Amino acid sequence: MPSIRIENVVATTALNTDLELPSVAVMLENAEYEPEQFPGVVYRIRDPKTAVLLFRSGKMVCTGAKSVKQVHHAVEIVVKELTAAGVKVDPSPEVHVQNIVASSDLESDLNLNAIAISLGLDRIEYEPEQFPGLVYRLHDPAVVALLFGSGKIVCTGAKTVDDLCRAVQRLQEDLGNAGLLRPRGGKLTPPVVLS
């Protein structure tokens, strides 16, 4: 049974107020503000290990989380610390997941040349001289998978964990139906997300 490991969740939210970034950088421990290099405050949170980018408009980007739950926790920390410092922000801003990156193992060696020929060039990019992996674009769900000869894959573009599971399952089915997947255990099993 292939396990799916979430590597990174990127999400956005808005605090619904303008921020004075030099002041915010001073208020938040582990925050950096270098406007010559980047137009926002970079705030590193230790637990959960994430980086939150805060912009003058009050918009935030959270990256580095290993789950959607960790994203919400990081946003709560920022809201709590800004509120404690006297900044009036939305106490419960709506969080929008933009991208989930995950890795998995199809538990089968893959012949990337055969996959490129069999699954159609409209959804595949494969240039082994440039990059050792094959890029496979799924339409439903709209996820991009990088496949490697070892059977390892990296999925990107998912907005939900369910999309990730469906993408890995769809990939298994597409490769299996084309006779290109020979699981080491003998049969295809649904993917499972590790938390």
For this session: May I have the pair-distance distribution P(r) for the chain, computed from all Cα-Cα distances with 5 Å bins from 0 and rounded to whole percent?
Result: 1, 8, 15, 16, 14, 10, 9, 9, 8, 6, 3, 1, 0
Exercise. Expressed as a whole percentage, what fraction of the accessible surface of region 72-140 belongs to carbon and sulfur atoms when a 1.4 Å probe is rolled over the protein heavy atoms?
Worked result: 49 percent
For this session: Starting from the Cα-Cα distance between Asp105 and Ser3, subtract it from 0.36 nm times their residue separation and give me the gain in nm to one decimal.
Result: 36.0 nm
Exercise. Quick one: putting +1 on the C-beta of Lys and Arg, -1 on the C-beta of Asp and Glu, what dipole do you get for region 13-57 around its Cα centre, in Debye to the nearest 20?
Worked result: 200 debye
Exercise. With a sphere of radius 15 Å drawn around the Cβ of Ala65, what net charge do the other residues whose Cβ falls strictly inside it have (Lys, Arg +1; Asp, Glu -1)?
Worked result: +4
Problem set entry | Expected 222 nm ellipticity per residue - DSSP helices of 4 or more, -39500 (n - 2.57), all of the chain, to 500 | -7500 deg cm²/dmol
Exercise. What is the gain in length, in nm to one decimal, between Gln37 and Asp140 on full extension, counting 0.36 nm per residue of separation less the C-alpha to C-alpha distance?
Worked result: 33.2 nm
For this session: Using a 1.4 angstrom probe, figure out how much accessible area region 71-135 has per residue, in square angstrom, rounded to the nearest whole.
Result: 56 Å²
Problem set entry | Label point at Val192 placed 7 Å out along Cα→Cβ; residues across region 80-114 whose backbone nitrogen lies under 18 Å | 103-108
Problem set entry | Cα lying deepest toward the dipole's positive end in the chain, options Gly151, Val42, Tyr136, charges on Cβ | Gly151
Problem set entry | Most mobile of Ala142, Ala11, Ala65 in a GNM of the chain (Cα contacts under 10 Å) | Ala142
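The values are calculated or read from the model by the stated rules, or taken from the named source; none is laboratory data. Since the structure is predicted, the reported quantities are computational estimates derived from the model, not experimental observations. Cβ atoms come from the backbone with ideal geometry, glycine included; neighbour counts cover every protein chain shown. Keep in mind that these areas ignore ligands, DNA and RNA; they rest on the heavy atoms of the full protein, side chains included. Shrake-Rupley method; radii C 1.70, N 1.55, O 1.52, S 1.80 Å.
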